[in-house]
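Everything below concerns the one structure shown next.
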Amino acid sequence: MLTKAFWLGAADRSVKSFAQALLLLWGSDEVFNILEIDVVPALGVGAGAAALSLLTSIVSAPAGDKGSSALLPGAK
């Protein structure tokens, strides 16, 4: 967990989770109108997803390959 590879992998997963949460939030609306987005709550949802992803990587560290943020051995 103290390696650069671990934190790069964890950051990669967090950024993806952030984007996925925003897409889910915005995609669940019937019509996506960028002019009517309530930005602060949307960023809060994305940040929450990113934080949960980061915590998942930290908790997964002992189970996966040494130095990896992935839960499954051999995963990158």
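The values are calculated or read from the model by the stated rules, or taken from the named source; none is laboratory data. Remember, it's a predicted structure, so these values are computed and weren't measured experimentally. Cβ coordinates were reconstructed from backbone atoms using ideal geometry, including for glycine residues, and neighbour counts include every protein chain displayed. When the accessible area is computed, the model is the full protein with side chains, heavy atoms only, and any ligands, DNA or RNA have been set aside. Shrake-Rupley method; radii C 1.70, N 1.55, O 1.52, S 1.80 Å.
Annotations
- Each residue in segment 57-67 was checked for being in contact (Cβ under 8 Å) with a residue 12 or more places away in the chain and within 22 Å of Gln20 (Cα to Cα), and 2 pass.
- Of all residues in segment 27-50, those satisfying the criterion of being without any contact (Cβ under 8 Å) to a residue 24 or more places away in the chain, open to solvent by less than 100 Å² (accessible area, probe 1.4 Å) and not in a loop (DSSP other than H, G, I, E, B) are Gly27, Val39, Pro41, Ala42, Leu43, Gly44.
- Segment 13-42 - residue that is of a type in the set (Val, Ile, Thr) and more than 20 Å from Leu54 (Cβ to Cβ) and, of those, modelled with the lowest pLDDT: Val31
- For segment 7-26, filtered to residues that are among the hydrophobic types (A, V, I, L, M, F, W, C) and farther than 17 Å from Pro41 by Cβ, the residue that is least open to solvent (accessible area, probe 1.4 Å) is Ala10.
- A count restricted to segment 51-71 and to residues that are outside any helix (DSSP H, G or I) and surrounded by 11 or more Cβ atoms within 10 Å (Cβ to Cβ) stands at 10.
- For beta carbons closer than 6 Å, sequence separation of 6+ or different chains, a first residue in segment 4-18 that is among the polar types (S, T, N, Q) and a second that is assigned to a helix (DSSP H, G or I), the qualifying pairs are Ser14/Ala50; Ser14/Ser53; Ser14/Leu54; Ser17/Ala49; Ser17/Ala50; Ser17/Ser53.
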